[in-house]
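Q: Please find one structure pasted underneath; my questions will follow.
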C-alpha cells in the first residue's frame, strides 16, 4: 500500500481510525468529542506532519521532526505490515526517533521493540490521560534503515 502525504480531506478518515482505537480500548479514557479529534488531526495535516497509507487512509503517522506523535492503523489492516512501513518511512527521514505509548498497551510496546526501538523512560501518568506511559527511542546507530 502506498504511503502519501495527507491532504486536508483525510482528516475525518484519520480521526475515525483514532476513534476506532479509543472505542475498542477499555482502559483508555475518551477525553475529546469526535469533532475535536478531526480538528486535532487537521492541524497536524496543515503542518505537513501526517502521512497516510492508501487512497482512503488505512492508517496514519504524525511525525514532528524526530517525534512520532501518532501511529494508528485501521483494525482490518493491523498486522499486515503498515505499521512497519510507517516506521521505515520515519526512519528514512531522520537518524533518531522517539515516541510515547501507554504502559497498558503491551502490543504496541512489543511492536516498537521488534522495530529496533529501546525503552527510554517511564512515567506514572505525565500526560493528558493521566495514564502510566513509556518512552521509546530509535537511533540509526542502534537500528537499521
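Q: For residue 29, state whether it is over 13 Å from residue 11 (Cβ atoms) and assigned to a helix (DSSP H, G or I).
A: Numbers: over 13 Å from residue 11 (Cβ atoms): yes; assigned to a helix (DSSP H, G or I): no.
Judged against the criteria, residue 29 is not a match.
Q: Would you confirm, using the coordinates I've provided, whether residue 83 is assigned to a loop (DSSP other than H, G, I, E, B), in contact (Cβ under 8 Å) with a residue 12 or more places away in the chain, touching a helix residue (DSSP H, G or I) at 6+ places or on another chain (Cβ under 9 Å) and surrounded by 15 or more Cβ atoms within 10 Å (Cβ to Cβ)? Reasoning before the result, please.
A: Values: assigned to a loop (DSSP other than H, G, I, E, B): no; in contact (Cβ under 8 Å) with a residue 12 or more places away in the chain: yes; touching a helix residue (DSSP H, G or I) at 6+ places or on another chain (Cβ under 9 Å): yes; surrounded by 15 or more Cβ atoms within 10 Å (Cβ to Cβ): yes.
Here the answer is no, as residue 83 does not meet what is asked.
Q: Can you tell me which condition residue 121 does not meet? The list is (1) assigned to a loop (DSSP other than H, G, I, E, B); (2) out of contact with any helix residue (DSSP H, G or I) (no Cβ under 8 Å at 6 or more places or on another chain); (3) modelled with pLDDT of 95 or more, and all the others hold.
A: (1)
Q: In the stretch 92-113, what residues are out of contact with any helix residue (DSSP H, G or I) (no Cβ under 9 Å at 6 or more places or on another chain) and over 17 Å from residue 73 (Cβ atoms)?
A: Those that are out of contact with any helix residue (DSSP H, G or I) (no Cβ under 9 Å at 6 or more places or on another chain) and over 17 Å from residue 73 (Cβ atoms): 92, 93, 94, 95, 96, 98, 100, 104, 113.
The values are calculated or read from the model by the stated rules, or taken from the named source; none is laboratory data. Keep in mind the model is a prediction, meaning the values are calculated, not measured. Glycine also receives a Cβ, built like all others from the backbone with ideal geometry; neighbour counts cover every protein chain displayed.
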